Amino acid sequence: MANHMNAAKSGAERRSLLGGAMIIAGTAVGAGMFSLPVVGAGMWFSYSIAMLIGVWLCMLVSGLLLLETNLHFEPGASFDTLTRETLGNFWRIVNGLSIAFVLYILAYAYISGGGSIVNHSLEAAGIELPQSVAGLVFALGLAFVVFISTKAVDRITTIMLGGMIITFFLAVGNLLIDIDTVKLFKPDGEETYLPYLLAALPFGLVSFGYHGNVPSLVKYYGKDPATIIKAIVLGTLIAFVIYVCWLVATMGNIARSDFVDIIAQGGNMGVLVGALSGVIASDWLTSMLTLFANLAVASSFLGVTLGLFDYLADLFGFDESRSGRLKTATVTFIPPTVLGLLFPDGFLIAIGFAALAATIWAAIVPAMMAHRVRKMYPQHEGFRVPGGTPVIAIVILFGIITGTCHLLAMADLLPVFG
């Protein structure tokens, strides 16, 4: 009987652990899927993998540093409370602005990417729309889901994630079978690779941006660091494996020189999926790939805008009534949708800006908060990220270097492929 109870107990733990890991993986995978092959084209495959390993480690540690701080507060305490109590009002405002900026700019990026992929899908059906109109259709359809309720987002995202996994492995599985290793390890074009890593670094950071979910996991599991750590490690590892498969599939099928043309067309999702469709012999697999791209961008858009919706409702004190949700939806969706109409091809540029702000709240601030909390509670016996102050310094340095790389790339001071 005791064994049976233990088995049931471990089953429940395993189920809940997977739930938390999927929240982390689902949030992280999105921005990186369609930006990584394009921004990694310069340094190509080996350096792209090396960069991903380094970024994954730094972002994993910064998430654990955030967890360390979070465990000193009651479950339910979010970034606003944590920064105010540990770093004071100045950093609370800086952090709040950077979170709002990242969520807004990602919402715009997904409208741009969504418009591109909706357009690509409609062209296959013989329908032609301006990309800005396709973006508007995409944004309005999904905004309605967020407006209805969180439960609606939860249900639809669950269905989308299931569909994403199936379509990803059907389409990418076939691409992985047909890869050309010569394309992966002996790419054509110029012989320069390493200098392109610097401009790609910010996109790597955004590809592992799950930090907004850490306070949610503390709320979800309570003060159970062992389970939360496992969920964060497993979730980020799932994201890492998906990215590696995607880079093998894209770079093993599209020649490095062909990426010049993809970048020239704005590097948007529809262009990349179109280039891959040209490689796949089967119409059915092309449809799977297009469906996957639609689901990936839609689920990421829902996740980001739900976070933004809740953040703004809390900030402005809008209630949960029909009129309250309508006010929140207006503030949430109108700015990124207008940007999507004005600048339909801004996907990659927007992801880069998101990275710049994300360096603050996903790397620098979590490390500073952990440093402060250790001084506030020197005798604390609970979870502490190993490595002491050097580890905190490495994460802060990583954030500063990544932010600097984006600013230098914007000023045309870093080599950019294409």
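What to note about this one:
- Selected residue (criterion: nearest to Asn119 (Cα to Cα)) from residues of the stretch 146-162 that are open to solvent by 20 Å² or more (accessible area, probe 1.4 Å) and modelled with pLDDT of 80 or more: Met160
- Just one residue in the set Ile400, Ile392 is surrounded by fewer than 21 Cβ atoms within 10 Å (Cβ to Cβ) and either within 22 Å of the chain's Cα centre (by Cα) or farther than 14 Å from Ala199 by Cα (or both); that residue is Ile400.
- The C-beta contact set for the stretch 153-175 (first residue in contact (Cβ under 8 Å) with a residue 40 or more places away in the chain, second residue of a type in the set (Lys, Arg), distance under 6 angstrom, 6+ apart or interchain) is empty.
- Residue in the stretch 86-93 that is touching a helix residue (DSSP H, G or I) at 6+ places or on another chain (Cβ under 9 Å) and open to solvent by less than 20 Å² (accessible area, probe 1.4 Å) present: yes
- Candidates Lys219, Lys183 - the one that is of a type in the set (D, E, K, R), at pLDDT below 85 and assigned to a helix (DSSP H, G or I): Lys219
- Residues of the stretch 238-254 satisfying the condition of being among the aliphatic types (A, V, I, L, M), open to solvent by 20 Å² or more (accessible area, probe 1.4 Å) and either over 20 Å from Val29 (Cβ atoms) or touching a residue at least 60 places away in the same chain (Cβ under 8 Å) (or both): Ile238, Ile242, Val244, Val248
- A residue that is at pLDDT below 85 and either closer than 28 Å to Val233 by Cα or within 18 Å of the chain's Cα centre (by Cα) (or both) cannot be found anywhere in the stretch 127-138.
- Tabulated pairs, the stretch 257-269, first crowded, with 17+ Cβ neighbours inside 10 Å, second among the charged types (D, E, K, R), C-beta under 7 angstrom, 6+ apart or interchain: Gly266/Asp345; Asn268/Asp345
- Verdict on Val416 being modelled with pLDDT of 90 or more, of a type in the set (Val, Ile, Thr) and more than 28 Å from Val133 (Cα to Cα): no
- Count of residues meeting criterion [surrounded by fewer than 24 Cβ atoms within 10 Å (Cβ to Cβ) and under 19 Å from Ala409 (Cβ atoms)] in the stretch 321-351: 5
- Breaking point among (1) closer than 30 Å to Val133 by Cα; (2) assigned to a helix (DSSP H, G or I), for Trp361: (1)
- Residue within the stretch 110-122 that is without any contact (Cβ under 8 Å) to a residue 60 or more places away in the chain, open to solvent by 50 Å² or more (accessible area, probe 1.4 Å) and not polar (S, T, N, Q) present: no
- Residues of the stretch 225-262 that turn out to be under 18 Å from Leu82 (Cβ atoms) and at pLDDT below 90, as a count: 0
- Boolean, Leu82 is open to solvent by less than 40 Å² (accessible area, probe 1.4 Å) and either of a type in the set (Asp, Glu) or at pLDDT 95 or above (or both): no
- Selection status of Ala226, surrounded by 22 or more Cβ atoms within 10 Å (Cβ to Cβ) and assigned to a helix (DSSP H, G or I): no
The values are calculated or read from the model by the stated rules, or taken from the named source; none is laboratory data. It should be emphasised that the depicted structure is a prediction, and the values quoted were computed from it without experimental measurement. Glycine also receives a Cβ, built like all others from the backbone with ideal geometry; neighbour counts cover every protein chain displayed. Just so you know, the surface numbers come from the protein's heavy atoms only, side chains and all, with ligands and any DNA or RNA stripped out. Shrake-Rupley method; radii C 1.70, N 1.55, O 1.52, S 1.80 Å.
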